[in-house]
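Comments concern the structure below.
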Amino acid sequence: MKVFALTLALFSLSSQAALIRADFRTESNLPDYGSGQPLVYQSLNQTVGAGYELDSADFVQNPDGWYGGVVWVDYDPASAIITLWSQDYWDFQTFDVWISNIQFDVAGETIANVVLLSDNLIEEAIAPVVSITSNSLHIAYDYRPDTFLFSGGMAKFKMESREGDITQPLVNVPEPLTALIMLVGLLVIGRQQYGIK
């Protein structure tokens, strides 16, 4: 019982806000060829939930008639993990993902950091560049003047959020229910350890 209560108390401290709605956009491009216009997929004001937030159904434009460049985007609210899944093996020079106008389920929540967990989205060893604002993120792969090959694989990123201004240090503040669960767990441990009734 002690171990269960302590585990529950510690687990409850790690909770964070979840993304519930956002705009999703991908651009695959060969800027050195054709008109330089990207292949675009976009899903605006998308509710986050089961399934991919952006997939093949979200086609917007392909002015140069490029083949491939299809990357599905998924956000898992439970783990705060963003998955990019390439659907093809075609060559490109650049690939960009934007998740913008993000709304969290907690008022005042902002993006604190985005961490790369794993990456075999492309075959070349290119580290993606990640930039964030309080409510948007941009992931960019750029291999110009050469081309990279999508691998049919995935890249996973974990998004960390925090309450308030992005310039402030990240601090996990327990919610009232979380604090109550932790207090109950500590009381159970105290009763068993010291025979308190």
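Each value in this text was obtained by applying a stated rule to the coordinates, not by laboratory testing. Bear in mind the structure is a predicted one, so any value in this text is a computation, not a measurement. Every residue, glycine among them, receives a Cβ derived from its backbone with ideal geometry; neighbour counts consider all protein chains shown.
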- Message: How large are Rg and Dmax for region 47-86 when calculated on the C-alpha trace, in angstrom?
- Response: 12.1, 38
- Item | Inter-label distance for residue 56 and residue 78, nm, one decimal - labels placed 7 Å from Cα along Cα-to-Cβ | 2.7 nm
- Message: Could you give each residue of region 143-150 its phi-based ³J(HN,Hα) in whole Hz, using Karplus coefficients 6.51, -1.76, 1.60 with θ = phi - 60°, and x for Gly or Pro?
- Response: 10, 4, x, 7, 10, 10, 10, 4
- Item | From phi via Karplus (6.51, -1.76, 1.60), per-residue ³J(HN,Hα) for region 58-63 in Hz, x at Gly/Pro | 9, 4, 10, 7, 8, x
- Item | Gain on full stretching of the segment that runs from residue 143 to residue 106 - 0.36 nm per residue minus C-alpha separation | 9.5 nm
- So what is the diffusion coefficient of region 37-162 in µm² per second by Stokes-Einstein at 4 °C and 1.567 mPa s, using a Kirkwood Rh over Cα pairs? 86 µm²/s
